[in-house]
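Visitor: Handing you this structure, nothing more for now.
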Amino acid sequence: RAKAEGRNCIRFFDPKMQKALNRRLELEADLRFAAARNELLLHYQPQVDHEGRVTGAEALLRWQHPKKGTISPEIFIPLAEETGLMVPIGQWVLGSACSALAAWRADPRLQALTLAVNVSIYEFRRHDFVEHLLHLLARSGADPRRLKIEITETVLAKNMEDTVEKMSALKRHGVSFSLDDFGTGYSSLSYLKQLPLDQVKIDRSFVRDVLADQNDASITRTVIALGNTLGLEVIAEGVETLEQQAFLWGHGCYAYQGYLYSRPVPEPAFRELAGKRFPRPLAEPDGEN
Ligand code: C2E
Ligand code: MG
Ligand code: MG
Ligand code: MG
């Protein structure tokens, strides 16, 4: 902008902006080496069925920065996507998830669980994504039927044909797919129909106010009905209270994830949780009784 205004025009950056820019550049430089320096790790958040049993986990990436402490993926994933670092970081995530799944095979409490992994569009649209993932699965000895890929609606908007082709190729090996943050993007019904999905995940922004906000309640009910009609499993994220769980259960959603059960935790803690039986959903709060 300063340049466009001509050479004789002197403009100063807002010092606050300059500081933010420096911080960003520093973070980007650090992120470049985060994987090699062993600063990345996965946390696991349980997914629970209507009987209160743990059926699997979502792997959620954490960056343990040596000076800045734990940095949220909400901050560094967008940064990684903007700087071309998403592909190597995503490869680290998939490799780690496959290793975890392979290790779980030896533990009776864990061997039947699925592990859901978030995949960015920047990874998914790579021409060798399928080949690379199949290689990681084979190398680790993980069972592809235990791996679930979470994609968001941005993946769909790009190139439908390529997306369907990649999903189908992986599904032939047993990998399943979940549509994350459902309802927040601009998915059309035709996408949903064309895609070989296994699950839709109701975004936590709807779940949060499902009891207080009529619109969120309507959207949630509609998404559940839509998923069920299409033969997809419906899972709700961000379930924090028994009342939310009861609402979801009452409207046909039988899989849950959220702080009600557990925050995302390191692997040893997840192993403990996996054997746990959580309370089953109560009747609806405003039900008959
Ligand atoms: P997401 O995939 O939608 O993951 C769910 C987020 O909701 C996680 O945040 C999780 O910690 C949080 N959450 C779960 N239950 C509750 C709850 O009951 N209440 C509240 N308030 N929050 C809850 P997190 O771990 O900070 O991750 C944020 C986002 O970063 C993820 O959203 C995902 O889009 C992205 N992300 C995380 N790990 C990876 C990864 O390995 N690869 C990629 N590409 N993206 C990732
Ligand atoms: Mg997710
Ligand atoms: Mg989500
Ligand atoms: Mg989300």
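Visitor: Could you give the nm distance between label points at Gln111 and Arg145, where each point is 7 Å from its Cα heading toward the beta carbon?
Guide: It is 1.3 nm.
Visitor: Between Asp180, Asp143, Asp128, find the one with the highest GNM mean-square fluctuation for the chain; connect C-alpha pairs within less than 10 Å.
Guide: Sorting by GNM fluctuation, first place goes to Asp128.
Visitor: If I stretch the segment between Glu82 and Ala169 completely, what's the gain in nm (0.36 nm per residue apart, minus their alpha carbon distance), one decimal? Could you put the intermediate results ahead of the total?
Guide: Working: separation 87, 0.36 × 87 = 31.32 nm, distance 2.79 nm.
Stretched fully, the Glu82-Ala169 segment lengthens by 28.5 nm.
Visitor: Any chance you could list the semi-axes, whole Å, largest first, of the equivalent ellipsoid that the Cα gyration tensor gives for region 1-155, using √(5λ)? Write down the numbers at each step before the final one.
Guide: Details: eigenvalues 291, 57, 42 Å².
So the equivalent ellipsoid measures 38, 17, 15 Å along its semi-axes.
Visitor: Spin-label point model (7 Å from Cα, Cβ direction): what's the Asn38 to Glu272 distance in nm?
Guide: With each label placed 7 Å out from Cα toward Cβ, I get 2.3 nm.
Visitor: Stretch Asp209-Thr229 to full length: gain in nm at 0.36 nm per residue minus the Cα-Cα span? Walk me through the numbers before you get to the answer.
Guide: Numbers: separation 20, 0.36 × 20 = 7.20 nm, distance 2.41 nm.
Contour length minus Cα-Cα distance gives 4.8 nm.
Visitor: Right, here's the next one. Which helices of the chain meet both criteria: a Cα extent of 15 Å or more along the helical axis and a mean Kyte-Doolittle score no lower than -0.5, with helices taken as whole DSSP H segments? Before the final figure, lay out each step's value.
Guide: Values: long enough: 15-34 (28 Å, -0.75); 86-104 (26 Å, 1.20); 129-140 (17 Å, 0.73); 160-172 (18 Å, -0.82); 214-229 (22 Å, -0.08).
Flagged H segments are 86-104, 129-140, 214-229.
Visitor: For region 213-233 and region 72-118, what is the separation of their C-alpha centers, rounded to whole Å?
Guide: Cα centroid to Cα centroid, the span is 28 Å.
Visitor: Now a separate question. Anyone know which of Met160, Met86, Met17 comes out most mobile in the 10 Å Cα GNM of the chain?
Guide: Comparing Met160, Met86, Met17 in the GNM, the peak value goes to Met17.
Visitor: Taking the alpha-carbon distance from Lys166 and a cut-off under 23 Å, which lysines remain once sequence neighbours fewer than 8 residues away in the same chain are dropped?
Guide: Lys148, Lys158, Lys193, Lys201
Visitor: Based on the Kirkwood radius over alpha-carbon pairs, what value in µm²/s does the Stokes-Einstein equation return for the translational diffusion coefficient of region 170-241 at 10 °C and 1.306 mPa s? Before the final figure, lay out each step's value.
Guide: Values: Rh = 12.7 Å.
The estimated diffusion coefficient comes to 125 µm²/s.
Visitor: Quick one: putting +1 on the C-beta of Lys and Arg, -1 on the C-beta of Asp and Glu, what dipole do you get for the chain around its Cα centre, in Debye to the nearest 20? Each step should come with its number before you reach the end.
Guide: Details: 36 positive and 38 negative charges, 225 e Å.
Around 1080 debye, computed over the chain.
Visitor: Could you pull out every one of the lysines with an alpha carbon less than 25 Å from that of Lys68, ignoring same-chain neighbours closer than 8 positions?
Guide: Within the straight-line limit of under 25 Å, Lys68 reaches these lysines: Lys16, Lys19.
Visitor: Counting only helical runs of four or more DSSP H residues, what would the 222 nm mean residue ellipticity of the chain come to if each run contributes -39,500 (n - 2.57) and the total is spread over all its residues? The partial results should precede the final answer.
Guide: Details: 12 runs with 128 residues, N = 289.
When only DSSP H runs of four or more count, the value is -13500 deg cm²/dmol.
Visitor: Separate question: Semi-axes, largest first, in whole Å: what does sqrt of 5 times each Cα gyration tensor eigenvalue give for the chain? Walk me through the intermediate numbers first.
Guide: On the way: eigenvalues 226, 122, 89 Å².
They are 34, 25, 21 Å, listed from largest to smallest.
Visitor: Restricting things to alpha carbons, tell me how big region 102-173 is in terms of Rg and Dmax, in Å.
Guide: So, for region 102-173, Rg and Dmax equal 13.2, 41 Å respectively.
Visitor: Mind pulling up the Rg/Rh value for region 155-289? Radius of gyration and Kirkwood radius, both on Cα.
Guide: Numbers: Rg = 16.3 Å, Rh = 16.2 Å.
My calculation of the ratio gives 1.00.
The numbers here are math on the coordinates, done by the rules we state, and not lab data. Since the structure is predicted, the reported quantities are computational estimates derived from the model, not experimental observations. We place every Cβ from the backbone using ideal geometry, glycine too, and count neighbours over all the protein chains shown.
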